Each structure stands twice: as C-alpha cells, then as structure tokens.
Amino acid sequence: MTTRQTLLEIWRDGGIKGLFTGVGPRVARAGPSVGIVVSFYEVVKYALQQTFDTVKEKFQHLTRFLTLTISFEDPFHLMGW
C-alpha cells in the first residue's frame, strides 16, 4: 500500500479528524523533549564560548558535542523516562 493510498483510506474512514488523530499527545511529548535539547545546546554553547579562545578549539569541541547529541534519538531516553 502506498502513502497516497493510505492517506486516502484514512480520509475516507475518518475525514480531516482522522488525519490528525494523535497529534496532541505527540506534540505534548515532543515539546518538552525539544525544549531540553535546545536548552542543553545553549548552555554548552555558552560554556564553550567562555572556556575556549580559538575558533579551531570551539569547532572541534562543538562537533564532538553535536556528534554525541545526534546519536541519541530521544533525550528522555538518557534520563531513563
């Protein structure tokens, strides 16, 4: 079944409401997660700016941080939630 066929079937069965079923809980779950990631990024960025003077050092440490951050799909996973 293609994506188009799936969307058409959902539209026939539930209309516009069917297409957006579950959006509220998903946004409620993603909101805090995104907030944690953005806040953590800003704190680390500030700390790096205060700690390291050269652009090369900042870049190296930021890429290490981003590599570690991107490897985790959900920050709640790190906290054991």
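The values are calculated or read from the model by the stated rules, or taken from the named source; none is laboratory data. Computed from a predicted model, the values in this text were never measured in an experiment. Counting neighbours? That spans all protein chains shown, and the Cβs are built from the backbone with ideal geometry, glycine included.
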- Any chance you could count how many residues in the stretch 35-61 are in contact with a helix residue (DSSP H, G or I) (Cβ under 9 Å, 6 or more places away or on another chain) and either in contact (Cβ under 8 Å) with a residue 40 or more places away in the chain or surrounded by 12 or more Cβ atoms within 10 Å (Cβ to Cβ) (or both)? 11
- Message: Here is a check on your reading of the model: is Pro32 exposed (fewer than 11 other Cβ atoms within 10 Å of the Cβ) and part of a helix (DSSP H, G or I)?
- Response: no
- Kindly indicate whether any position in the stretch 56-63 is among the acidic types (Asp, Glu) and at pLDDT 90 or above. no
